[in-house]
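Derivation of every value follows stated rules applied to the coordinates shown; laboratory data play no part. Since we're looking at a predicted model, the values are computed, not measured. All Cβ positions, even for glycine, are placed from backbone atoms using ideal geometry, and neighbour counts span all protein chains on display.
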Amino acid sequence: MSLQVIPINDGDIQWGFTDTMPSFHTKHGTYGCRERVDPFPCYAHDLALVESELKRTADLFPLPFPVYLYVSAFECEGRTNAHASTGHDYDGKMVDGEYPIGNGTIVFSGKRIPIMPSMTRYLVSHDGVLRRPDVAQGVR
């Protein structure tokens, strides 16, 4: 399994000609996705803590696909703390009528108040494990 923690800072956001909010690009399966952000500067999660917790969580609950975790220094449009999703590999072979999962994407939103380390640890394990169907359904 491949794990990547990607910091998002000033130079990573893009301003479109017709967009009302800037955004940054995330990998989402075969295609990408744009994550809209409020351009007001925020506190970001501690990168070293995110990386260590992601490795610990992945050792406990390995995923069979790459995971990209984006740590934004800006608050995401939805104002959530974080969110996770899986993207499908539309170039792969269909199995039981569905395309295989290409990768997992986790986005950590910046916040306007300092972020407690306990919140970072919770979000890494919550969003990193929740997308596993067997864990989400309580199967061990």
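So here's what we get for this one:
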| item | result |
| --- | --- |
| DSSP-assigned coil residues among trypsin sites (Lys or Arg not before Pro) in region 1-105, each with at most 12 further Cβ atoms within 10 Å | Arg79, Lys93 |
| Residue of Gly110, Gly128, Gly102 that the Gaussian network model of the chain assigns the largest fluctuation, springs spanning Cα pairs under 10 Å | Gly102 |
| Virtual spin-label span in nm between Asp38 and Asp96, 7 Å along Cα→Cβ | 4.1 |
| Cα gyration tensor shape of the chain, rounded if a/c is under 1.5, else prolate or oblate by comparing a/b with b/c | oblate |
| For region 13-106, size of Cβ-based charge dipole, Lys and Arg +1, Asp and Glu -1, in debye | 60 |
| Farthest toward positive dipole pole in region 3-133 [+1 Lys/Arg, -1 Asp/Glu at C-beta], among Pro117, Thr80, Val37 | Pro117 |
| Cut-off under 5 Å, modelled amide H: who pairs with Ile8 long-range | Val71, Ser72, Ala73 |
| Rounded to 5, percent antiparallel among DSSP beta bridges of the chain | 65 |
| Förster-model FRET efficiency, 22 Å R0, Arg79 and Gln4, C-beta, rounded to 0.05 | 0.30 |
| With at most 14 neighbouring Cβ atoms within 10 Å, loop chymotrypsin sites (Phe, Trp or Tyr not before Pro) (DSSP) excluded, longest segment of the chain | 18-89 |
| Choice from Asp91, Asp127, Asp46 showing the highest fluctuation, given a GNM over the chain with Cα pairs closer than 10 Å | Asp91 |
| Gyration tensor verdict on region 11-61 (Cα atoms; rounded if a/c is under 1.5, prolate if a/b is larger than b/c, oblate otherwise) | oblate |
| Ranking of Thr105, Thr57, Thr86, Thr20 by count of other Cβ atoms within 10 Å, fewest first | Thr20, Thr86, Thr57, Thr105 |
| Relative contact order computed over region 19-140 (Cα-Cα under 8 Å; 6+ residues apart), in percent | 32 |
| Nonlocal amide H pairs with Gly102, under 5 Å, H built at 1.01 Å | Gly87, His88, Asp89 |
| The chain: calculated mean residue ellipticity at 222 nm from DSSP helix runs of at least 4, using -39500 (n - 2.57) | -7000 deg cm²/dmol |
| Dipole-positive endmost among Asn9, Pro64, Phe24 within the chain (Cβ charges, Cα centre) | Pro64 |
